[in-house]
Amino acid sequence: MTDRAVEDLLRALAPQVLGVLVRRHGQFYACEDAVQEALLAAATQWPAQGVPDHPRSWLVTVATRRLTDEWRSERARRDREVAVAVREPAYAAVAPPADEEPPSGDDTLKLLFLCCHPALTVSAQVALTLRAVGGLSTAEIARAYLVPEATMSQRIRRAKQRIEAAGARFAMPSPADRDARLRAVLHVLYLVFNEGYTASSGAELHRAELTGEAIRLARELRRLLPDDGEVAGLLALMLLTDAHRAARTGPGGELVPLAEQDRTRWDRVEIAEGVALVTEALTWSAPGPYQVQAAIAAVHAEAPTAADTDWPQIVALYRVLARLAPNPMVTLNQAAAVAMVDGPRAGLALLAPLDVDERTANHHRLAAVRAHLLELAGDRDDARAAYLAAARATTSLPERHYLEVRAARLATDR
Amino acid sequence: MKYMLLIWNRPGFVEELSEDERNAIFGEVDVIMKELTESGELVGGEALAHPAQTRTVRPAAGGGTEITDGPFVESKEQFAGYLTVDCETPERAAEIAARWPDVAHGVGVLEVRPVMEQAGTEM
């Protein structure tokens, strides 16, 4: 088996093994560490020595051994500290030998809900989800988020402490909490996807892997919750967005806007799957924000050229989205679509209220959309000023480069 | 989001402090660094040597480069070091800056600057 195949196998097995351990022993904190160690052991041994016949059992056995070793050393230390009152660890529960019980999808779901617990900050939810459910090592997560390994390790440790302190349990959330918790899970996967969806040049490859990881986890979630339209919608949105990957950056890593992308380079397989997913979901599910965003992406995907885009359909979908999830960012995108139907002045009129909304007033996206619409309206000087304002406001290098180039074009080619 | 906290202070201010004041400042830095390490927010940081050890490299008038001793700008406050943090909000980054001893003891200022990301969204 190749290293890559071993890695894929380990990532798929990670939540199953952790699920088995947590179900047997409780103690999410210690079990998660033990599973991480077992995964690292497998990642070094399997490529060289071959994958064992029962890889999941192997991991469960090794992780359990780590766990009991940990308990033993902890108990030995406590035995030496005679003054300390004895707290028996859950020792009776020490593992039976490797077993062949089937993997439980419920375990993965419970883990996702646990990792996206509301006691955690969003960045902690992301890190813990990638490690406990995604099976990524701390080093891999640290590389992807461009922080030192020690920082990421500490973030994960803190997240696990918070979960313990909050008294969170390895169980399905109550029906009252379930929707909010699932929304948090979807949001975390969406953030992981976006983090990886970047201009992928050499130094960025580790981050690009996050996109694949987000899609993999969304697929897994879809398998576990086939009746949830928003899960299908999120997966479709990811696939339809990822389909642009090859076309969205130029040879120098510069961003190519949707209207100028070479559509022959779009990934037709991802598009077909994404379109089918969202189309099907919308036939039985009440539309939610991810489904509507996926539907918008599907309309773009189905246009052979930018000029063929069914803009009235996109405007209608944004209207639905604005009703489902009122948000100034939606208004912003809606304005850009309206401009394509009713002209740039109509779009610009929709932007006016965003100038006084503190969530968008100084946001680079507002200036960028305004610049684009002013350019369409032929107002070159104001367009240029708006592009430059957007370039100053963004904290993304590729975006700043793109916006500065647009501004420079307006300054020169008259 | 990552922020770099740029520390600007008056060179030599430490020399004017009593031993107790100096130890207190070191202690405060320790407390903050420990907190940032434990929270998983600390990305990195360095303290710089006294500005007297600076060498400045600039383009020379006739082409090529010119290297001179000392900082180019003679200002009251000099760049003394930085720390990089990864925080949830800009407010949190500012809160860390406000507690840094240079600010807390009125001997310097901290600039909180967002660090550019490599990721870009489709325009």
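Between a first residue in segment B:9-20 that is touching a residue at least 60 places away in the same chain (Cβ under 8 Å) and a second residue that is of a type in the set (K, R), which pairs have beta carbons less than 7 Å apart while being 6 or more apart in sequence or on different chains?
Partner pairs satisfying both residue conditions: B:R10/B:K76.
Quick check on my filter: what residues within segment A:354-386 are touching a residue at least 24 places away in the same chain (Cβ under 8 Å) and under 27 Å from the mean Cα position of the chain (by Cα)?
Within segment A:354-386, A:R359, A:T360, A:N362, A:H363, A:H364, A:R365, A:L366, A:A367, A:A368, A:V369 qualify.
Would you pick out the residues in segment B:37-53 that are more than 11 Å from chain A (Cβ to nearest Cβ), surrounded by 13 or more Cβ atoms within 10 Å (Cβ to Cβ) and over 14 Å from B:L6 (Cβ atoms)?
B:P51
Is it the case that some residue within segment B:3-17 is under 17 Å from the mean Cα position of the chain (by Cα), in a helix (DSSP H, G or I) and within 14 Å of another protein chain (Cβ to nearest Cβ)?
no
Can we say A:R222 is in contact (Cβ under 8 Å) with a residue 12 or more places away in the chain and either of a type in the set (S, T, N, Q) or not in a helix (DSSP H, G or I) (or both)?
no
This table checks each residue for (1) of a type in the set (G, A, S); (2) within 24 Å of A:D342 (Cβ to Cβ).
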position	(1), (2)
A:V256	no, no
A:A259	yes, yes
A:T264	no, no
A:E273	no, no
A:A286	yes, no
A:A297	yes, yes
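How many residues does segment A:164-186 contain that are assigned to a helix (DSSP H, G or I), more than 23 Å from the chain's Cα centre (by Cα) and surrounded by 11 or more Cβ atoms within 10 Å (Cβ to Cβ)?
1
Can you tell me which residue among A:A349, A:A407 is over 27 Å from A:P312 (Cα atoms) and at pLDDT 95 or above?
Exactly one of A:A349, A:A407 is over 27 Å from A:P312 (Cα atoms) and at pLDDT 95 or above, namely A:A407.
Considering only segment A:104-127, I want to know if a residue exists there that is surrounded by fewer than 23 Cβ atoms within 10 Å (Cβ to Cβ), part of a helix (DSSP H, G or I), away from chain B (no Cβ under 12 Å) and among the aliphatic types (A, V, I, L, M).
Looking for residues that are surrounded by fewer than 23 Cβ atoms within 10 Å (Cβ to Cβ), part of a helix (DSSP H, G or I), away from chain B (no Cβ under 12 Å) and among the aliphatic types (A, V, I, L, M), one finds at least one in segment A:104-127, hence yes.
Output the residues belonging to segment A:226-284 that are in contact with a Gly (Cβ under 8 Å, 6 or more places away or on another chain) and either in a loop (DSSP other than H, G, I, E, B) or without any contact (Cβ under 8 Å) to a residue 12 or more places away in the chain (or both).
Residues satisfying the conditions are A:A243, A:V256.
Scanning segment A:221-246 for residues that are within 14 Å of chain B (Cβ to nearest Cβ) and under 20 Å from A:L324 (Cα atoms), which turns out farthest from the chain's Cα centre (by Cα)?
Here the answer is A:L237.
Exactly one of (1) without any contact (Cβ under 8 Å) to a residue 40 or more places away in the chain; (2) assigned to a strand (DSSP E or B); (3) not aliphatic (A, V, I, L, M) is unmet by B:E35. Its number?
Looking at each condition in turn, B:E35 falls short on (2).
If you scan segment B:73-87, which residues turn out to be in a strand (DSSP E or B) and within 14 Å of another protein chain (Cβ to nearest Cβ)?
Across segment B:73-87, the qualifying residues are B:L83, B:T84, B:V85, B:D86.
If a residue must be part of a helix (DSSP H, G or I), more than 14 Å from chain A (Cβ to nearest Cβ) and charged (D, E, K, R), how many such residues does segment B:88-118 contain?
3
Pull up segment A:128-162, narrow it to residues that are of a type in the set (S, T, Y) and in a loop (DSSP other than H, G, I, E, B), then point me to the one that is farthest from the other protein chains (Cβ to nearest Cβ).
Step by step, filter segment A:128-162, then rank; the result is A:S137.
Residue by residue, here is whether (1) polar (S, T, N, Q); (2) loosely packed, with under 15 Cβ neighbours inside 10 Å; (3) modelled with pLDDT of 90 or more; (4) within 29 Å of A:L397 (Cβ to Cβ) holds:
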residue	(1), (2), (3), (4)
B:V57	no, yes, yes, yes
B:A60	no, yes, yes, no
B:F72	no, yes, no, yes
B:F79	no, no, yes, yes
B:V109	no, yes, yes, yes
B:M116	no, yes, yes, yes
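The values are calculated or read from the model by the stated rules, or taken from the named source; none is laboratory data. Computed from a predicted structure; not experimentally measured. Heads up, the Cβs are rebuilt from the backbone with ideal geometry, glycines too, and the neighbour counts pull from every protein chain shown.
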